[in-house]
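**Student:** A single structure is presented below for examination.
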Amino acid sequence: MEYNAIGLIEYSSIAKGIGSADAMVKAAAVELVISRTICSGKYMNLVAGDVQAVKSAVADGEVYGAESVIDSFVIPNVHPDVFPAMSGSTQVLKLDALGIIESFSVASLVEGADAAAKAAEVKLIEIRLAMALGGKAFVTLTGPVGAVEAAIAAGVEVVSKAGMLVNSVVIPSPRPELLRDIL
């Protein structure tokens with residue numbers, strides 16, 4: 001099923017995160033896409049649906065999560081590359097230039113990845129969300145050098161505004177071995 005919006009809440013409490021997942025799906029007709037623990041003892045819920053339903057679900061999840069909410073977002077008109085990149089199902093046969101953005105939070109990274117994909121003709125490869133990363137997240141993307149530079153700049157701006165940027169890099173001509181190792 002296709003959705004035009006996603007919403008995410010990141011929690012410091014696992015118990016509140018699980019309870020909030022229930023509150024979110026009871027609040028509106030949304031699909032609970034991801035509801036799981038993430039590194040450093042945090043929890044995350046990602047929902048998808050139409051914009052108003054996602055806004056309603058996130059609002060109820062924030063109320064339920066209260067003081068345990070670390071970060072949240074609603075992205076209307078989410079870029080179509082975001083879902084495959086989060087699930088690891090993106091097919092990339094060749095790397096042109098390679099761009100990477102690394103963030104201290106899942107929420108800011110997903111927002112940054114969406115902004116990057118919307119800013120230039122690039123392909124999101126993977127959005128890795130805080131599993132075996134000490135709570136951090138990163139996105140990899142590929143395309144022509146100029147497009148990757150523009151996309152990384154747009155994504156970095158979003159993540160930096162949240163105060164969550166760890167680092168970013170653009171590799172103009174990555175060795176083919178990197179494709180094997182990053183996918």
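The values are calculated or read from the model by the stated rules, or taken from the named source; none is laboratory data. Model, not experiment: these values are computed from the prediction. We place every Cβ from the backbone using ideal geometry, glycine too, and count neighbours over all the protein chains shown.
**Student:** Just to check your reading of the model, which residue among V92, V78 is at pLDDT below 95 and under 21 Å from S168 (Cα atoms)?
**Tutor:** After ruling out the rest, the residue left standing is V92.
**Student:** Let me ask you something else. Filter segment 66-77 down to the residues that are of a type in the set (A, V, I, L, M, F, W, C) and either in the same structural domain as F104 (by TED's automatic domain parsing) or in a strand (DSSP E or B) (or both) and list them by number.
**Tutor:** Within segment 66-77, V69, I70, F73, V74, I75 qualify.
**Student:** Then there is this: Any idea which residue in segment 117-150 is farthest from F83 (Cα to Cα), counting only those that are in a helix (DSSP H, G or I) and in contact with a strand residue (DSSP E or B) (Cβ under 6 Å, 6 or more places away or on another chain)?
**Tutor:** V145
**Student:** Which condition number in (1) within 20 Å of S40 (Cα to Cα); (2) free of Cβ contacts under 8 Å to residues at least 60 places away in the same chain; (3) out of contact with any strand residue (DSSP E or B) (no Cβ under 8 Å at 6 or more places or on another chain) is the one that M86 fails?
**Tutor:** Every condition holds for M86 apart from (3).
**Student:** Restricting to segment 55-80, give me the number of residues that are more than 11 Å from the chain's Cα centre (by Cα) and either within 14 Å of A137 (Cβ to Cβ) or charged (D, E, K, R) (or both).
**Tutor:** Count: 6.
**Student:** I need the full set of residues from segment 104-132 which are over 27 Å from P176 (Cβ atoms), surrounded by 20 or more Cβ atoms within 10 Å (Cβ to Cβ), of a type outside the set (A, V, I, L, M) and at pLDDT 95 or above, in order please.
**Tutor:** E111, D114, listed by residue number.
**Student:** Looking only at segment 151-170, which residues are in a helix (DSSP H, G or I), of a type outside the set (K, R) and more than 24 Å from R36 (Cα to Cα)?
**Tutor:** Hits for segment 151-170 are A151, I152, A153, A154, G155, V156, E157, V158, S160.
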